[in-house]
Amino acid sequence: MRLARSRDVEDRPRACAKASFWRIIGKAVPATIAMVAAEKRSLSRPFLSIIIPAHNEEARLPPSLAQIDAFLQQQPYEAEVVIVENGSHDRTFEVAQAHAESLGYVRAMQSPARQRGKGLAVKQGMLAARGEWRFICDADLSMRIDELSRFLPPETTDSDIIIASREAPGANRVGEPTYRHLMGRVNNWIIKLAALRSFEDTQCGFKMFRASVAEDLFGVQRMNGIGFDVELLFIAQRRGYTVKEVPITWYYDPYSTMRLWDDSLNMLREIWQIRRNWRQGCYARAH
């Protein structure tokens, strides 16, 4: 027993080295596999990206994200949600971060300090997104999320951009006061007269883009304010992209901050800037 014991003692370093080697391999292989799988997931492109610009949305984000999560759980494709906080004075970013931690497909981002505007937040989210299709989605979900399927193939296979419309035949507005509808129509009349005659509703906050089209258009976008929707569609038409309007049921949000005169003047100012940018070649494709 003693000799056997001494031999065990002599062989122990070799045995321990062997054991350590296999122990390391045993840990390293699964870790490597997990790392490769994680890298593959990070490099894989989801089918859909939902981009949510968020300004002072602490209260509305949780119920909206719960609805989006319930919808996505029923879909056969992979998806991601990109929340871009922009200049909030409440806990919007903290709420977004909490959901990013609890839901693996959610990412929370912030616009750069001192740079504000919904257009900027949307641009940042669109260019950070990885989906084959990329959807702008207002945080209030004034269009129910289950209508999103109407913006995706096979319903929209031949379109590059699909925009929600509150005015196209078949659309419904729920709970909107008459004066608010008239304000929206005045704004749309200005847009039709000065920039885009082909669309009944350019300002609804739900729009879908093919990935390549999104990267092209948002890569040259310059408007951070109210005119960014018009800017994108203005460039898209001149690029020859196909745009489809989809009538939706839209639910009025009493917390909307639309201002008739201010917004109309700002829109005219930004349309003038868009036309000037086009003439000066500011929207040329990158080579």
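Readers should treat all values here as calculations from the given coordinates under stated rules, not as data from a laboratory. Just so it is clear, the model here is predicted, and its values are computed rather than measured. Using ideal geometry, Cβ is built from the backbone for each residue, glycine included, and neighbour counts are taken over all protein chains shown.
Per-structure values
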| item | result |
| --- | --- |
| Sites matching chymotrypsin sites (Phe, Trp or Tyr not before Pro) across segment 179-261 that sit in DSSP coil, with at most 10 neighbouring C-beta atoms within 10 Å | Tyr255 |
| At R0 = 41 Å, FRET efficiency that the Cβ-Cβ distance of Ala194 and Gln75 yields, to 0.05 | 0.55 |
| Relative contact order (%) - segment 39-181, alpha-carbon pairs under 8 angstrom, separation at least six | 31 percent |
| Integer Hz, Karplus 6.51/-1.76/1.60 couplings in order for segment 186-200, x for Gly and Pro | 4, 4, 5, 4, 4, 5, 4, 5, 9, 8, 10, 8, 8, 10, 7 |
| Segment 44-279, relative contact order in percent, only Cα pairs under 8 angstrom and at least six apart counted | 24 percent |
| Viscosity 0.890 mPa s, temperature 25 °C, Stokes-Einstein D of segment 155-252 from Kirkwood C-alpha radius, µm²/s | 174 µm²/s |
| Tail weight of P(r) past 29 Å, computed on alpha-carbon pairs of segment 44-279, percent | 23 percent |
| Amide H contacts under 5 Å for Gln221, placed H, 5+ residues apart | none |
| Sequence-distant residues sharing a close amide H with Val106 (under 5 Å, placed H) | Val81 |
| Sequence-distant residues sharing a close amide H with Gly87 (under 5 Å, placed H) | Ser111 |
| Sparsely packed trypsin sites (Lys or Arg not before Pro) within segment 121-150, loop by DSSP, other Cβ within 10 Å at most 13 | Arg144 |
